[in-house]
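Okay, structure first, notes after.
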Amino acid sequence: MTKERKTRECRVCGCTDTDCSRCLAEQGFPCHWVEPDLCSRCAGKMGWLLPDEPGVIPEEVWQKIPVQERKPKIVVLCGSSRFVDIMAVCAWLIERDEHAIAMGLHLLPAWYPDCPDDHLAEAEGVAGEMDALHLKKIDLADEVFIVNYNDYMGDSTISEYRYARSHGKKIRWFTHDEIGEKVSKMIERTEPDEAEAYAWAHQALRNCNAERHRKEQCLDLVAVAVRAAWTAGRSAQGGRIGKQHEMDQG
């Protein structure tokens, strides 16, 4: 007695051994089975096939594919190293909210030896190598996210932008992106205004002069207060910091 063969069905689009009409209509030829319950068209959308193989499915079907089974896009962040903390938060939100792979600069901890506030690559004598490596990241990217916080872009960032655009990469701007809007609101909630920060610094100095704290505690208070005042001043100045660059829009 011959055992009846069970009809296979794609877990994403629902095509079967006997009905491939949807795949045929979408791509012009029948699909084939990649797994017992996954057809080649759906597998291609999930990144299981080589780029030159067919596999495009409608957006409504794509949304039904579990996030963990999709091929994630790669987003490379570009921006001044003075904004490395902002870039780190953007990268986290891109991965958390968009389920993408985010690559950019690295935010190192305070205990890293001789760690400057910015321009670490220059301090360690590897700026050229790191700039070249960042262009390689852009080569891998599906999207490039420009962190133009306060409308500032340095020479390196402008070069990276032009490189990405010349290679047909999708460009996203911090100042015109939902992720940038979220981060800007976070910064607004945490940064003191300039007057408040300088008042804090003044009070810290008065406390030191009155010897209400040990010397080490005084220095810590002043350092924190001055840092807060500088940050508030930077925020208040907005796009006035740094150089303004004219960029071709063609």
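Residues of the range 89-123 that are loosely packed, with under 13 Cβ neighbours inside 10 Å and acidic (Asp, Glu): 97, 114, 117.
Are any of the residues in the range 107-126 among the β-branched types (Val, Ile, Thr) and either outside the structural domain of residue 86 (by TED's automatic domain parsing) or without any contact (Cβ under 8 Å) to a residue 24 or more places away in the chain (or both)? Scanning the range 107-126, I find at least one residue that is among the β-branched types (Val, Ile, Thr) and either outside the structural domain of residue 86 (by TED's automatic domain parsing) or without any contact (Cβ under 8 Å) to a residue 24 or more places away in the chain (or both), so the answer is yes. Residues in the range 136-150 that are surrounded by 15 or more Cβ atoms within 10 Å (Cβ to Cβ) and either assigned to a loop (DSSP other than H, G, I, E, B) or of a type outside the set (Phe, Trp, Tyr) (or both): 137, 138, 141, 143, 144, 146, 147, 148, 150.
The values are calculated or read from the model by the stated rules, or taken from the named source; none is laboratory data. Here the structure is a predicted model, which is why all the values come from computation and not from measurement. Note that we place each Cβ from the backbone using ideal geometry, even for glycine, and neighbour counts take in every protein chain shown.
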